[in-house]
1. Is there any pair linking a residue in region 31-55 that is not assigned by TED's automatic domain parsing to the domain that holds Ser14 to one that is small (Gly, Ala, Ser) and in a helix (DSSP H, G or I), with Cβ under 7 Å and at least six apart or on different chains, and which?
2. Could you please find all residues in region 153-193 being basic (Lys, Arg), surrounded by 14 or more Cβ atoms within 10 Å (Cβ to Cβ) and farther than 14 Å from Phe207 by Cβ?
3. Given (1) modelled with pLDDT under 95; (2) under 20 Å from the mean Cα position of the chain (by Cα); (3) farther than 30 Å from Glu72 by Cα, identify the lone condition not met by Lys144.
4. Applying the selection to region 189-211, what residues are hydroxyl-bearing (Ser, Thr, Tyr) and within 17 Å of Gly223 (Cβ to Cβ)?
5. If a residue must be of a type in the set (Asp, Glu) and modelled with pLDDT of 80 or more, how many such residues does region 63-97 contain?
6. Quick check on region 165-174. Is at least one of its residues within 23 Å of Asn229 (Cα to Cα) and in contact with a helix residue (DSSP H, G or I) (Cβ under 7 Å, 6 or more places away or on another chain)?
7. Free of Cβ contacts under 8 Å to residues at least 12 places away in the same chain and either in the same structural domain as Ile105 (by TED's automatic domain parsing) or among the hydrophobic types (A, V, I, L, M, F, W, C) (or both): is that true of Asp73 in this structure?
8. Considering only residues that are in contact with a Ser or Thr (Cβ under 7 Å, 6 or more places away or on another chain) and surrounded by fewer than 19 Cβ atoms within 10 Å (Cβ to Cβ), look in region 205-225 and name the one that is nearest to Asn177 (Cα to Cα).
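The values are calculated or read from the model by the stated rules, or taken from the named source; none is laboratory data. None of these values were measured; they are calculated from a predicted model. No Cβ is skipped: glycine too gets one built from the backbone with ideal geometry, and neighbour counts run over all protein chains shown.
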Amino acid sequence: MINAIIIEDEINASNLLCKMLQDIDNGIVIKSQCGDIPSGVLSIRKHKPDVVFLDIELPVYSGIQLLDFFAEDEINFSIVFTTAYNQYAIKAFEMSAVDYLLKPIQHDKLQLAIHKLRNKISAKIHEPGLSVLKQNLSNAEKKKIVLPVSDGVLILNVDEILYIRAEGSYSKIFMKNKEALLFSKNLKHFEYLLSDNKHFIRVHRSFIANLNFSEKLSRSDGGTLVMINNIEIPVSTEMFDDIVEALKVLR
């Protein structure tokens, strides 16, 4: 049996989720339905659930603030966030390896989430990305990204990134007036993360550039983007016209 708690302030949404869970898996026991974080915290301490289905937008405290009421070693339950958040926030969930369901919740997505949940509980895996997620969401409006490193997390100001270069399955981020930083994420990860920012463009299979720091685009040597400090980045032939168009609308 899986003991679950739902924290959702809209009673109809809470009841619907409860019914969907029981229809999909009769081994899930809903121990409590809570309408806010304080009652949710009390319920978690009382029932010690295996999983909490947690809405993000709640009265007084947001869903993310649930984590503030527990020490990290107390979070021995899984969390599945339910959210109608914007695309940036969805990226924050995905890069932090935290489970989420988009509202309105779809039957097949919930079924998949339960399957993943059972595997996670069987393997006794908890939530390594929660602290990273919290910082990513809190920094959404500040144009910052939070990336996990060996001894914690590193917060980067997006506007200070000059360009990113592929290093095999790793990526090296070159910052303005700072040394380069190596991360164990491939270039596609950063392309997805920055896809909503019009200043960044994949100019070459091995490079993402911040066009705010570009000074010249040349067709010589197969295509070159000259950045500040005379840094030259190769440009793919098929990307040349796209870069020209991106530069035209740059603010």
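1. Close Cβ pairs satisfying both conditions: none exist.
2. Hits for region 153-193 are Lys176, Lys185.
3. Among (1) modelled with pLDDT under 95; (2) under 20 Å from the mean Cα position of the chain (by Cα); (3) farther than 30 Å from Glu72 by Cα, Lys144 violates only (3).
4. Of everything in region 189-211, just one residue is hydroxyl-bearing (Ser, Thr, Tyr) and within 17 Å of Gly223 (Cβ to Cβ), namely Ser206.
5. The qualifying residues number 2.
6. yes
7. It is true that Asp73 is free of Cβ contacts under 8 Å to residues at least 12 places away in the same chain and either in the same structural domain as Ile105 (by TED's automatic domain parsing) or among the hydrophobic types (A, V, I, L, M, F, W, C) (or both).
8. My answer is Thr224.
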